[in-house]
Amino acid sequence: MPQVLILGATSDMAVALAHRFGEAGYGLQLAARNSELLATIQHDLEIRYQVKVDTLTFDALDYHSHASFYHDLPEKPSIVICVFGYLGDQDTAAHQWQESSKIIETNYTGAVSILNVIANDFETRKNGTIVGISSVAGERGRQSNYVYGSAKAGFTAYLSGLRNRLAKSNVHVVTVKPGFVDTRMTEHLNLPKPLTAQPQQVAKQVFSAVRKKKNVIYVLSVWKIIMLIIRLIPESIFKKMKL
């Protein structure tokens, strides 16, 4: 059975993804910084689904380690899912470069660093699927989260270019735009329930997108309509709105 590498494997979305692919019999490679939590997740998955689960130490911001991390994997994956991210705090980021830098490097630079390595391998092998968890926040800059949104906008553009580059090599790239998701990262926010997905919904949609070779997906279809409307608002009006 093919191997799935999940980068940032301790997040709520990542765990849900591991369960969905594990349930389908895929071998799992879970990569993150928290080895203790990884071990707990590994134990549960192995007992629940009787699949092989490897755990690996991975730091999205340790760029110099990314090539060796990938080349030292016990088995090369056929599916890679990049889940890691950092929402951060916009007010802090506007006044402290350290926060802006962390948001940008986690959501964009770190993802590009590791996916460049993986994309080159997949291109050589002429096979594979890369899934990137981006965000609707990247579709238009808003005062409430424009540093995070700009990083995700960059990541969305990167995935689009990667998809264009790798299509001729039989490598598929999926861009996922979840909208609001009920996770630890958003637990401090008052999210509208009709617009908020559960991690299990994200996992279900990603699994389907991989199988059906979809290019760009919104986890909740309502977000496709919402973002279309937001993109169509003239800038002269949009800049005066509180969003």
Inset, instruction - Considering only region 114-166, state which residues are of a type in the set (V, I, T) and either in a helix (DSSP H, G or I) or over 17 Å from the mean Cα position of the chain (by Cα) (or both). - result: I114, V117, I118, T124, V136, V147, T156
Inset, instruction - Name the single residue, out of those in region 17-60 being buried (at least 22 other Cβ atoms within 10 Å of the Cβ) and in contact (Cβ under 8 Å) with a residue 60 or more places away in the chain, that is farthest from D182 (Cα to Cα). - result: F21
Inset, instruction - Considering only region 196-220, state which residues are closer than 23 Å to R184 by Cα and in a loop (DSSP other than H, G, I, E, B). - result: Q198, V219, L220
Legend entry - Of all residues in region 87-136 being of a type in the set (F, W, Y) and surrounded by 18 or more Cβ atoms within 10 Å (Cβ to Cβ), the one that is farthest from H71 (Cα to Cα): Y108
Legend entry - Residues within region 61-73 that are surrounded by fewer than 14 Cβ atoms within 10 Å (Cβ to Cβ) and farther than 19 Å from T106 by Cβ, tallied: 3
Inset, instruction - Scan region 107-118 and report the pairs whose first residue is hydrophobic (A, V, I, L, M, F, W, C) and whose second residue is outside any helix (DSSP H, G or I) and buried (at least 22 other Cβ atoms within 10 Å of the Cβ), with Cβ atoms within less than 6 Å and a gap of 6+ or a chain change. - result: A111/C82; I118/V80
Legend entry - The lone exception for S160 - which of (1) farther than 23 Å from Q205 by Cα; (2) surrounded by fewer than 18 Cβ atoms within 10 Å (Cβ to Cβ) it fails: (1)
Inset, instruction - Find the residue count for region 187-243, including only residues that are touching a strand residue (DSSP E or B) at 6+ places or on another chain (Cβ under 6 Å) and loosely packed, with under 13 Cβ neighbours inside 10 Å. - result: 1
Legend entry - Residues being over 21 Å from T106 (Cα atoms) and either among the hydroxyl-bearing types (S, T, Y) or in contact (Cβ under 8 Å) with a residue 24 or more places away in the chain (or both) - total across region 179-197: 3
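I'm trying to understand the selection: among the residues of region 221-243, which are outside any loop (DSSP other than H, G, I, E, B) and either touching an Asp or Glu at 6+ places or on another chain (Cβ under 8 Å) or modelled with pLDDT under 95 (or both)? Break it down stepwise before answering.
So in region 221-243, the residues outside any loop (DSSP other than H, G, I, E, B) come out as 222-232, 235-238.
Scanning region 221-243 gives M227, I230, R231.
The values are calculated or read from the model by the stated rules, or taken from the named source; none is laboratory data. Since this is a predicted model, take the numbers as computed values, not measurements. Methodologically, a virtual Cβ is constructed for each residue, glycine included, from the backbone with ideal geometry; neighbour enumeration extends over all protein chains shown.
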